[in-house]
1. Among the residues of the range 219-249, which ones are more than 16 Å from the chain's Cα centre (by Cα) and either within 16 Å of ligand 2 (Cβ to nearest atom) or buried (at least 20 other Cβ atoms within 10 Å of the Cβ) (or both)?
2. Out of the residues in the range 174-209 that are part of a loop (DSSP other than H, G, I, E, B) and within 16 Å of ligand 2 (Cβ to nearest atom), state the one that is surrounded by the fewest Cβ atoms within 10 Å (Cβ to Cβ).
3. Could you go through the range 131-142 and let me know if any residue there is away from ligand 1 (no atom under 15 Å from the Cβ) and at pLDDT 95 or above.
4. Residue 150 - would you say it is within 16 Å of ligand 2 (Cβ to nearest atom), at pLDDT below 95 and crowded, with 18+ Cβ neighbours inside 10 Å?
5. Regarding residue 383, is this residue modelled with pLDDT of 95 or more and closer than 20 Å to residue 12 by Cβ?
6. Scan 386, 343 and give me the residue that is free of Cβ contacts under 8 Å to residues at least 40 places away in the same chain and surrounded by fewer than 23 Cβ atoms within 10 Å (Cβ to Cβ).
7. List the residue pairs whose Cβ atoms are under 6 Å apart, where the first residue sits in the range 252-273 and is within 17 Å of residue 207 (Cα to Cα), the second is more than 16 Å from ligand 2 (Cβ to nearest atom) and at pLDDT below 95, and the two are 6 or more positions apart or on different chains.
8. For the range 363-386, which positions are out of contact with any strand residue (DSSP E or B) (no Cβ under 8 Å at 6 or more places or on another chain) and not in a loop (DSSP other than H, G, I, E, B)?
Ligand code: AMP
Ligand code: GLY
């Protein structure tokens, strides 16, 4: 079986690793991939999706697995273009991927299908936004893909003013609407399900740590680490999430005529009145994938292939017991900026942990150097959360590069 994965980051490195360890031994390709991913998969160098589809046809690719979200809504949509070419794709159609690409679309979907979520108003201007804000704190969300930077939780009017200025005056994220949303409180959890038309399979839940500094201080990032375990959420909570959130979402997709085959990520907040949906993402989480996927047993490649063909089969995989912890090492300046070209040392000294490359490249001397904000994900497993955490951190400490940033409380905060 030949499988092509779209994307280039730590999540795709983790997906390709899980595929490469599948007993069915698929031959792997990555678009565009990275220098690190090149050790697992053949990189495909084409200028656009049309050329990618042509390559997949020519090469006889059996399955396309969507990693990054951007391709799902580009041009006619990766999944739609695969369908037209007769290539099974594990990733939703463009019309369904609006659940992630448009927050307004997602909020209307949630409301229409009576799925718990914060109350909201969609506005077109700063004046309308100010009129819709009735209390602080308030949450303001730009309605589009903004690389994790389009959301502001504003404790007061001054902060709201600054963000409204960025959205409507500076147009930092381009043209688009804004969602004014009630602020919820509680710990967050990431729940993943494989969705295949009307059926679903709930995977191992995880928690990611979005702020740059310990104790959830500083600006939001793409994610500074993650912890995953079947024990992360009590069975009663998972059942509540399944009944009130996953099932109505799957039924809603069916009712709205939105075809969906692929991973769906539910970003949830566990509020005092029960779990509520903060966001949908139409793909696996990053860095959650780096923590969850090493826990997969069975044949992940067959699992994705079957799902993409409309035959979701939960029995093809299972999840290991215990805990998995991922610590992200980020480059200087992140998240406001990032620095490339800092040489990385210590990658060969991992003992009981593995490293997924989020943003690295090889320099002329063949050494890995930084190439982006999030640089590496160091991941370890253990019987207990503390064991997994200690192992991940002990290994993360062996890797160094100038300006390295990391949090020290991954898998500790929200637990101890
Ligand atoms: P999003 O991009 O929608 O996931 O939002 C990014 C982060 O903003 C979330 O992970 C939450 O920490 C926070 N957030 C989003 N919506 C709300 C809300 N309604 N109440 C409180 N915090 C929120
Ligand atoms: N971990 C957050 C995300 O993947 O969007």
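1. 219, 229, 232, 233, 241, 245, 246, 249
2. Within the range 174-209, the match that is surrounded by the fewest Cβ atoms within 10 Å (Cβ to Cβ) is 187.
3. yes
4. Yes.
5. Here the answer is no, as residue 383 does not meet what is asked.
6. Selected residue: 386, the only one of 386, 343 that is free of Cβ contacts under 8 Å to residues at least 40 places away in the same chain and surrounded by fewer than 23 Cβ atoms within 10 Å (Cβ to Cβ).
7. That search, which allows pairs on different chains as well, returns 269/186; 270/186; 271/186.
8. Matches in the range 363-386: 386 only.
The values are calculated or read from the model by the stated rules, or taken from the named source; none is laboratory data. Keep in mind it's a predicted model, so treat the numbers as computed, not measured. Note that each Cβ is placed from the backbone with ideal geometry, even for glycine, and that neighbours are counted across all protein chains shown.
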